[in-house]
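Presented below is the structure to which this report refers.
The values are calculated or read from the model by the stated rules, or taken from the named source; none is laboratory data. Note that the structure is a prediction, hence the values are computed from the model and not measured. Because the Cβ atoms are built from the backbone with ideal geometry, glycine has one as well, and the counts that use them run over all protein chains shown. Note: areas computed on protein heavy atoms with side chains; ligands, DNA, RNA excluded. Shrake-Rupley method; radii C 1.70, N 1.55, O 1.52, S 1.80 Å.
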Amino acid sequence: MEQEQDVIGRKVSSRGVVALLATLCIGGSATQASLVSSQVDAREPPGAPAQNTQRLQPVAEFNGAMPTGVSVSRTGRVFVNFPHWGDKVQYSVAEVRNGKTVPYPNREINTADTRDPAHHFLGVQSVVVDAADRLWVVDTGRIQFGNAPVGGPKLVAIDLRTNKALRTILLPRQVAGPRSFVNDVRLDLTRGKAGTAYLTDASSDGPNGLIVVDLASGTSWRRLNNVPSVRPVPDFVPVIDGKRMLNRPAHGPTSPINIGSDGIALSPDGKTLYYCPLSSRTLYSVPTSGLTDRRVADSKIAKTVRNLGTKGMSDGLETDNAGRVYGGDIEHNALVFRDTDGRFRTLVHDNRLIWPDTLSIGYDRNLYVMANQLNRQAAYNAGVDLRREPYVLYRIPVDGGPARR
C-alpha cells in the first residue's frame, strides 16, 4: 500500500463546487491545512477593464516542495505535481485521495532514478487530464536543471480507472535535446487515429518551439523552432512585487530571465493553438492544421502565426468551451482573459496571486490556479529564498467548462 500523508478535505464532487482543504507534507510529517483570507484587493492593473466581482477562493495549501501544476478530472479528482528544482521532493506527481496525498500512480515511478529514465519521473513540470479522463504527465527529464538523459523527456498516460500507466511516449533527441524544457501540454483526441498532443519547449538556454505528438504512433516533431514568436523578448525585465526580476546569483552579475514558449491552450474546435513565451507579455495563435501536416514547411507555418495582443506576463494558459483564453498577469497579481470579441479583460486582481502558474478549468466550471511564489526563489534574490509557505491552490468561478476534446 502507498504511504499516505494526512490532509484535511473531502472528495471533489463532479457536479458541485470543490470543497477541499489539503496540504502536501514533505519530509514525512503531516501538517494541518488552513484557509487564508478570502478578501480581494480591488485595485486594478493600470489600464485594465473592470474586474470580475467573483472572489478568488482558496482550495488547498501546500507546505514543503513548491508545486507548479494542477488538473482536475471529470469526476473531481485533484492531481498536482512538484518539480525537482532544489526543494526536497518526496514524489513528483500526487493525488489528493480520501483526505490523503499519495504518490501517483505509485511510488516506484516517482523515484527519480536516472539509471532508468524512461520508466521514472525525473522532473515533472505539468499534469493534464484529457477528455477521456486519462492523466498525462509531462516530464522534462531534468533534475535541478541538469542535462536531460536520453529517455528523460517524455509523456506518460495514466488510466484513472485502473490507476496504472497506459503508455510512455519518449521524445527523441532531435525533438527534445538535453537542454530542452518541455513545459506544458494540450490534447485533441479527435485529430488523428488516437489524438494529437501539443507541447511547449520553454528552454532558457536552448532552442524554443512547439512539439507535436501523434498519439497513435508516438511519433513527434518540432514546429516553429526558434522563430521570434516562441522566443523570449530580448532584455525582457518584468517588475514583480515592486522589484525588477532578474537572475540574481549570490555572487556575480545579474542577467535577464530568458524563458521561451511556456503557456499553451487549445481552442474548443481544435483548430487554433494559443501559446506565449514566459519572457513576454504577448499572446500568439497558430492554426493546428499546419502543425500536424508534416508536409508543410516551418517557414510557411510561421507566416500563419497571429499576434493577438498584450495580455501581460503569463506562465500558464487555459481555454474554456466558450472560446475564452485565460492567462496570468504575473506583474499585477491578476488573472486575465481574452474574450470572444478579442478584447482582454481582468478576471480578478488579488495580491495573494503571487506568481499564478498553471491554470486548469474543471467540470465544476471553476478556473483553478496554482500560486507558487516562483519569483521569490533564491536564484532571483541574490541567493536568499524569500518564499513563505504555504503555496496555495485557488479557484474562481467562470462561465464555462473545459475546452477538452
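Here are the numbers for the structure shown:
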read-out: Identity of the residue in region 170-191, open to solvent by less than 50 Å² (accessible area, probe 1.4 Å) and in a strand (DSSP E or B), that ends up farthest from Ser126 (Cα to Cα); value: Asp188
read-out: Which numbered condition Ile257 misses (of (1) within 16 Å of Pro207 (Cα to Cα); (2) crowded, with 21+ Cβ neighbours inside 10 Å; (3) not acidic (Asp, Glu)); value: (2)
read-out: Tally, over region 370-405, of residues that are among the β-branched types (Val, Ile, Thr) and either in contact with a Ser or Thr (Cβ under 7 Å, 6 or more places away or on another chain) or in a loop (DSSP other than H, G, I, E, B) (or both); value: 2
read-out: Qualifying residues in region 295-331 (those that are touching a residue at least 24 places away in the same chain (Cβ under 8 Å) and out of contact with any Ser or Thr (no Cβ under 8 Å at 6 or more places or on another chain)) - the one nearest to Pro397 (Cα to Cα); value: Asp320
read-out: Checklist (1) of a type in the set (Gly, Ala, Ser); (2) part of a loop (DSSP other than H, G, I, E, B); (3) open to solvent by 10 Å² or more (accessible area, probe 1.4 Å) applied to Ala165, failing item; value: (2)
read-out: Asp235 being modelled with pLDDT of 95 or more and open to solvent by less than 50 Å² (accessible area, probe 1.4 Å); value: no
read-out: Some residue of region 154-161 being in contact with a helix residue (DSSP H, G or I) (Cβ under 8 Å, 6 or more places away or on another chain) and either of a type in the set (A, V, I, L, M, F, W, C) or closer than 18 Å to Trp221 by Cα (or both); value: yes
read-out: Every residue from region 211-253 that is of a type in the set (A, V, I, L, M, F, W, C) and assigned to a loop (DSSP other than H, G, I, E, B); value: Leu215, Ala216, Leu224, Val227, Val233, Phe236, Val237, Met245, Leu246, Ala250
read-out: Matching residues in region 78-96 - criterion: being of a type in the set (Phe, Trp, Tyr) and open to solvent by 10 Å² or more (accessible area, probe 1.4 Å); value: Trp85
read-out: Condition check for Pro268: at pLDDT 95 or above, touching an Asp or Glu at 6+ places or on another chain (Cβ under 9 Å), under 30 Å from Gly400 (Cβ atoms) and open to solvent by 20 Å² or more (accessible area, probe 1.4 Å); value: yes
read-out: Residues satisfying the stated conditions in region 326-365, i.e. among the β-branched types (Val, Ile, Thr), over 23 Å from Ser126 (Cα atoms) and open to solvent by less than 30 Å² (accessible area, probe 1.4 Å); value: Thr346, Val348
read-out: Members of region 134-168 that are within 21 Å of Glu95 (Cα to Cα) and either of a type in the set (Val, Ile, Thr) or modelled with pLDDT under 95 (or both); value: Val137, Val138, Thr140, Val156, Ile158, Thr162, Thr168
read-out: Residue in region 372-405 that is least open to solvent (accessible area, probe 1.4 Å), counting only those that are farther than 13 Å from Pro67 by Cβ, of a type in the set (D, E, K, R) and over 19 Å from the mean Cα position of the chain (by Cα); value: Asp385
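Residue-wise test of (1) under 29 Å from Ala403 (Cα atoms); (2) open to solvent by 60 Å² or more (accessible area, probe 1.4 Å); (3) of a type in the set (Asp, Glu).
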{"site": "Tyr104", "(1), (2), (3)": "yes, no, no"}
{"site": "Arg115", "(1), (2), (3)": "no, yes, no"}
{"site": "Asp130", "(1), (2), (3)": "yes, no, yes"}
{"site": "Arg142", "(1), (2), (3)": "no, no, no"}
{"site": "Phe145", "(1), (2), (3)": "no, yes, no"}
{"site": "Ile158", "(1), (2), (3)": "yes, no, no"}
